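Below is one structure, written out as structure tokens; the observations come after it.
The values are calculated or read from the model by the stated rules, or taken from the named source; none is laboratory data. Every value quoted in this text rests on a predicted model; they were computed, and no experiment measured them. So basically every Cβ, Gly included, is an ideal-geometry build from the backbone, and we count neighbours across all protein chains shown.
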Amino acid sequence: MSRAEQLRANLDVVRRRIEAACDEADRDPAEVSLVVVTKFFPASDVRVLADLGVTDVGENRHQEAEAKAAECADLGLTWHFIGGLQSNKAAAVAAYADVVESVDRPKLVAPLSRGAGGRTVDVLLQVSLDPPGADHRAGAAPDDLDELAVAVTGAEGLALRGLMAVAPLGEDPGEAFARLAAVRSAFLEQHPRATALSAGMSGDLEHAVAHGATHVRVGSAVLGPRPAVQ
Ligand SMILES: *Cc1c(COP(=O)(O)O)cnc(C)c1O
């Protein structure tokens, strides 16, 4: 099988999974966007994906993302930055990312705003689903979202669109995403236009769709296993 045939077959499976999950949850599949996570895979794969109708791609490491976005600039894709953000890299990320999904502290807001450089960058706030007191992987505590949302809303060049989360390792993703849905519904009362919810990956997208995800971030189910070293 050529790479294109392989990716086409994998994409078909993932799109069918999303449709089935929407069916199950009584949702319109048009409400759920697929972001294909291309980290560790070459720009040539991004090209193939664009050919196959993929419009949104996700990356989690700044240098790799920056290079790939530049190489693929002609494709008109929407680039999502989904990785941990260092404040000294935030301005550079905002220069090519269309959506930054991993904003989890106020310190990132000024450099992102500066880096947007007159464009509008969409922002999702990453919320931690770890139990309180746990070793936080990434993400703001739910109690801190409001302050962060206010900072983003007040910043030039940034548009607050919603929330993003990753299910904690070792926990049933259904339970984690149920908690996320509750956090989101409280958040929407304060920020009714920030309706995006990015949740769900290759292994748990069905649970995420069941709990209201509007974006799923799928890597390995489309591109195959990543190299072990991360
Ligand atoms: C890598 C990554 C994904 C995709 O994970 P898969 O299990 O390969 O689908 C989704 N979200 C984030 C934040 C990631 O870093």
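Observations
- Any chance residue 58 is part of a strand (DSSP E or B) and not hydroxyl-bearing (Ser, Thr, Tyr): yes
- Entry remark, the range 205-215: residues being within 13 Å of the ligand (Cβ to nearest atom) and under 12 Å from the mean Cα position of the chain (by Cα) number 2 in total.
- Any chance residue 30 is farther than 15 Å from residue 219 by Cβ, in contact (Cβ under 8 Å) with a residue 60 or more places away in the chain and either touching a strand residue (DSSP E or B) at 6+ places or on another chain (Cβ under 8 Å) or surrounded by fewer than 18 Cβ atoms within 10 Å (Cβ to Cβ) (or both): no
- Scanning the range 179-218 for residues that are small (Gly, Ala, Ser), within 22 Å of residue 141 (Cβ to Cβ) and surrounded by 15 or more Cβ atoms within 10 Å (Cβ to Cβ) yields 181, 194, 196, 198, 199, 200, 208, 212, 213.
- Considering (1) of a type outside the set (Lys, Arg); (2) modelled with pLDDT under 95; (3) within 13 Å of the ligand (Cβ to nearest atom), the lone condition that residue 64 does not fulfil carries the number (2).
- Considering residues of the range 33-46 that are in contact with a helix residue (DSSP H, G or I) (Cβ under 7 Å, 6 or more places away or on another chain) and either basic (Lys, Arg) or part of a helix (DSSP H, G or I) (or both) only, the residue surrounded by the most Cβ atoms within 10 Å (Cβ to Cβ): 46
- Filter result for residue 202 (at negative phi, within 9 Å of the ligand (Cβ to nearest atom) and touching a His at 6+ places or on another chain (Cβ under 7 Å)): no
- Number of the condition not met by residue 14 [criteria: (1) in contact with a helix residue (DSSP H, G or I) (Cβ under 9 Å, 6 or more places away or on another chain); (2) exposed (fewer than 14 other Cβ atoms within 10 Å of the Cβ); (3) assigned to a helix (DSSP H, G or I)]: (2)
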